[in-house]
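The structure appears below as structure tokens.
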Amino acid sequence: MLGKFFKKPTGEDKDRVPPGQHLANGFPLMTYGRAPKVEKADWQFRVWGLAGEKSFRWDDFMGMPVHSFTDDFHCVTRWSKLGVQWTGIKVTDFMSRIELDPRAKHVTAHCYGGYTTNLSLDDFVREQNFFAFQLFGEPLPIEHGGPLRLVVPHLYAWKSAKWINGLEFVEQEQLGFWEVNGYHSRGEPWSEERYSSLF
Ligand SMILES: Nc1nc2c(c(=O)[nH]1)N[C@H]1C(S)=C(S)[C@@H](COP(=O)(O)O)O[C@H]1N2
Ligand SMILES: [Mo]
């Protein structure tokens with residue numbers, strides 16, 4: 001589907017667009033269901049499973065080091081957006097504030113609204129991954145996952161959980177919302193890990 005909504009990558013952009021992807025015009029929204037509205041004063045983030053149970057409030061997150069990130073964003077429905085500018089908190093900085101059980105091998109991200117997605121610990125705990133609270137220098141819009149979303153740049157964007165509010169650490173992989181519905185359990189865009197071979 002080229003034309004109004006998609007551009008064919010040209011020149012140097014070409015090397016940045018994974019196989020089977022086209023460049024999006026603007027920044028499309030992709031949400032299953034409705035965007036939940038959560039005020040920062042009420043916002044809570046919980047850790048459980050194979051990690052010491054812990055609860056965080058908005059100010060706890062804002063007390064962690066803040067960084068800028070520029071990343072390409074690839075949705076499995078075949079649009080990519082290059083050079084998205086985010087501000088957020090590194091997953092690695094967050095992880096230094098929790099006590100992880102060495103048996104933990106996977107994590108399920110939980111969100112306001114009920115969405116979930118799973119990641120191996122190896123894919124989750126990376127310097128490049130972060131919790132974003134700003135997009136292009138503005139507070140992260142609700143529709144894009146505000147007040148806080150996960151961004152995992154090296155995997156398809158369904159792993160970048162919007163309205164994230166919890167992490168459940170587990171030993172055995174526990175499939176999330178799209179993964180249960182046939183998407184690949186990992187979702188690496190350069191090798192086109194789009195769908196599960198089980199379906
Ligand atoms: N909570 C939640 N997070 C989500 C989704 C969702 O439906 N609910 N959609 C995923 C998908 S499929 C994509 S492509 C990206 C889209 O992010 P955007 O709407 O900011 O473009 O969010 C991901 N995170
Ligand atoms: Mo997506």
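The values are calculated or read from the model by the stated rules, or taken from the named source; none is laboratory data. A quick note: this is a predicted structure, and the numbers were derived from the prediction, not measured. Cβ sites come from the backbone with ideal geometry, for glycine too, and all protein chains shown count toward neighbours. Note: areas computed on protein heavy atoms with side chains; ligands, DNA, RNA excluded. Shrake-Rupley method; radii C 1.70, N 1.55, O 1.52, S 1.80 Å.
Computed quantities for the displayed model
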| read-out | value |
| --- | --- |
| Any chance Arg16 is away from ligand 1 (no atom under 14 Å from the Cβ) and closer than 25 Å to Phe94 by Cβ | no |
| Condition met for Met30 (open to solvent by 50 Å² or more (accessible area, probe 1.4 Å) and among the aliphatic types (A, V, I, L, M)) | yes |
| Filter result (open to solvent by less than 40 Å² (accessible area, probe 1.4 Å), assigned to a loop (DSSP other than H, G, I, E, B) and away from ligand 1 (no atom under 11 Å from the Cβ)) within segment 170-180 | none |
| Segment 33-56, residues that are exposed (fewer than 14 other Cβ atoms within 10 Å of the Cβ), charged (D, E, K, R) and not in a loop (DSSP other than H, G, I, E, B) | Arg46 |
| Test: Asp71 is surrounded by fewer than 17 Cβ atoms within 10 Å (Cβ to Cβ) and either within 25 Å of Gln174 (Cβ to Cβ) or not polar (S, T, N, Q) (or both) | no |
| The lone exception for Phe5 - which of (1) away from ligand 2 (no atom under 16 Å from the Cβ); (2) modelled with pLDDT under 95; (3) open to solvent by 40 Å² or more (accessible area, probe 1.4 Å) it fails | (1) |
| Residue selected from segment 123-169 under the condition closer than 25 Å to Glu99 by Cα and of a type in the set (Phe, Trp, Tyr), by the criterion nearest to ligand 1 (Cβ to nearest atom) | Trp163 |
| Selection within segment 152-169 - open to solvent by 20 Å² or more (accessible area, probe 1.4 Å) and away from ligand 2 (no atom under 16 Å from the Cβ) | Asn165, Glu168 |
